[in-house]
1. Based on this model, can you work out whether Lys176 counts as touching a Cys at 6+ places or on another chain (Cβ under 8 Å), surrounded by 13 or more Cβ atoms within 10 Å (Cβ to Cβ) and either without any contact (Cβ under 8 Å) to a residue 40 or more places away in the chain or in a strand (DSSP E or B) (or both)?
2. Might you let me know whether the range 9-27 holds any residue that is outside any loop (DSSP other than H, G, I, E, B), polar (S, T, N, Q) and modelled with pLDDT under 85?
3. Here are some conditions: (1) of a type outside the set (Phe, Trp, Tyr); (2) over 27 Å from Trp82 (Cβ atoms); (3) surrounded by 14 or more Cβ atoms within 10 Å (Cβ to Cβ). Thr162 meets all but one. Which one does it not meet?
4. If we keep just the residues of the range 210-239 that are among the polar types (S, T, N, Q) and part of a helix (DSSP H, G or I), which is surrounded by the most Cβ atoms within 10 Å (Cβ to Cβ)?
5. Which ones in the range 179-204 are in a loop (DSSP other than H, G, I, E, B) and either within 30 Å of Glu142 (Cα to Cα) or touching a residue at least 24 places away in the same chain (Cβ under 8 Å) (or both)?
6. For the condition farther than 30 Å from Pro172 by Cα, surrounded by fewer than 12 Cβ atoms within 10 Å (Cβ to Cβ) and at pLDDT below 65, what is the one hit in Gly112, Gly120, Gly52?
Amino acid sequence: MGKFVNPFTDIGFKVIFGSEPSKDMLIFFLNGLLEGEYEVTDLTFLDKEDHGGNVNDRGIVYDIYCRTSDGKYIIVEMQNRWHSHFLDRTLYYVCRGISRQNGQNAYPKSLGDDRCRDYGKRYDLSAVYGIFLMNFKEEGLEPKFRSDTTIIDRDTGKAINTHFRQIYLQFPFFTKELHECGTLFEKWLYTLKNMDKWNRMPDALKEQVFQRLAQLAEVANLSEDNRIAYDKALDYYYIDETVRYDEYMRAEKAKKDMEETLAKGRKEGLEKGRKEGMEEGRKEGMEEGIRKVAIQMLKEGLTSDVISQCTGLTAAEIATLN
């Protein structure tokens, strides 16, 4: 363990990005990420808790939820480990950020009968950016560091609505060494990925922003409460590292077993199909093979979510397996 906090822990992320003293670090990061597209000059941290519009909603808590000086909303989330339906959750986050604005631009009652003319003003929305830092690889995304999504026309690729934006950063795909980083922002990304192992900032990081980062992120400079919370968060981080690797290895083994079992099932299905109808036999053989794989995955302790993703079986179908 080095001298600086791990950005992929809750406390480390908060210290670097999510507090008023470190607002300049967040602005620097956002401007590097959005360079050539949009510049953040200032921002305000907002209430991170969103209870939703339904009394039955448990609500969600963003890591960072802020509003820029010109009215845009930005959600920044750090996720250390893979979990099921991650892309659906991030979609929900951005949609909730959009729906929170509903009615804020509604027409005034004084308009009377002219209100229909101005009805659309209530949907004059501000842009919402969802930015997700991921310490894992997500199968639903392309195998690359940065993935940008927006609402576009499928034929032309032209953006239809610029108020919806998601940016995913898969840090396992950022593999550049420091000497290969050609921009200040790439150096920043390299630093985020490696700084928790360092006892001092490398000589190549001479820019003022890294000196500021070193001051904020030094473990010795944490308050007593933050230091206690950080030590606990670090324990969870290393547990997550072990669990994530173990889940990955078991899932890989399960996929391999499934492929072998499906191949066997196809063969058995073909043989059965010669007697009872080739198509029906193939289907039955494959279904039986999938069930066998799912049962084996249950025995190995994999969760229903992982089994469902690997086999296509529903949670209800998995629950019936012995």
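The values are calculated or read from the model by the stated rules, or taken from the named source; none is laboratory data. Since the structure is predicted, the reported quantities are computational estimates derived from the model, not experimental observations. In this analysis, Cβ positions are derived from the backbone assuming ideal geometry, glycine residues included, and neighbour counts consider all displayed protein chains.
1. Working: touching a Cys at 6+ places or on another chain (Cβ under 8 Å): no; surrounded by 13 or more Cβ atoms within 10 Å (Cβ to Cβ): yes; either without any contact (Cβ under 8 Å) to a residue 40 or more places away in the chain or in a strand (DSSP E or B) (or both): yes.
It is false that Lys176 is touching a Cys at 6+ places or on another chain (Cβ under 8 Å), surrounded by 13 or more Cβ atoms within 10 Å (Cβ to Cβ) and either without any contact (Cβ under 8 Å) to a residue 40 or more places away in the chain or in a strand (DSSP E or B) (or both).
2. First, the residues of the range 9-27 that are outside any loop (DSSP other than H, G, I, E, B): 10-17, 20-27.
Applying the additional criterion that residues be polar (S, T, N, Q) yields 22.
From what's left, modelled with pLDDT under 85: none.
No, there is no match, as no residue in the range 9-27 is outside any loop (DSSP other than H, G, I, E, B), polar (S, T, N, Q) and modelled with pLDDT under 85.
3. Evaluating Thr162 over (1) of a type outside the set (Phe, Trp, Tyr); (2) over 27 Å from Trp82 (Cβ atoms); (3) surrounded by 14 or more Cβ atoms within 10 Å (Cβ to Cβ) leaves (3) as the failure.
4. Start the filter on the range 210-239 by keeping residues that are among the polar types (S, T, N, Q), which leaves 211, 215, 221, 223, 226.
Subset that is part of a helix (DSSP H, G or I): 211, 215, 221, 226.
Details: Gln211: 11, Gln215: 11, Asn221: 14, Asn226: 18.
Once the filter is applied, the top-ranked residue is Asn226.
5. Within the range 179-204, the subset in a loop (DSSP other than H, G, I, E, B) is 181-183, 198-204.
Within the range 179-204, Cys181, Gly182, Thr183, Trp198, Asn199, Arg200, Pro202, Ala204 meet the criteria.
6. Values: Gly120 fails: at pLDDT below 65; Gly52 fails: surrounded by fewer than 12 Cβ atoms within 10 Å (Cβ to Cβ).
The conditions single out Gly112.
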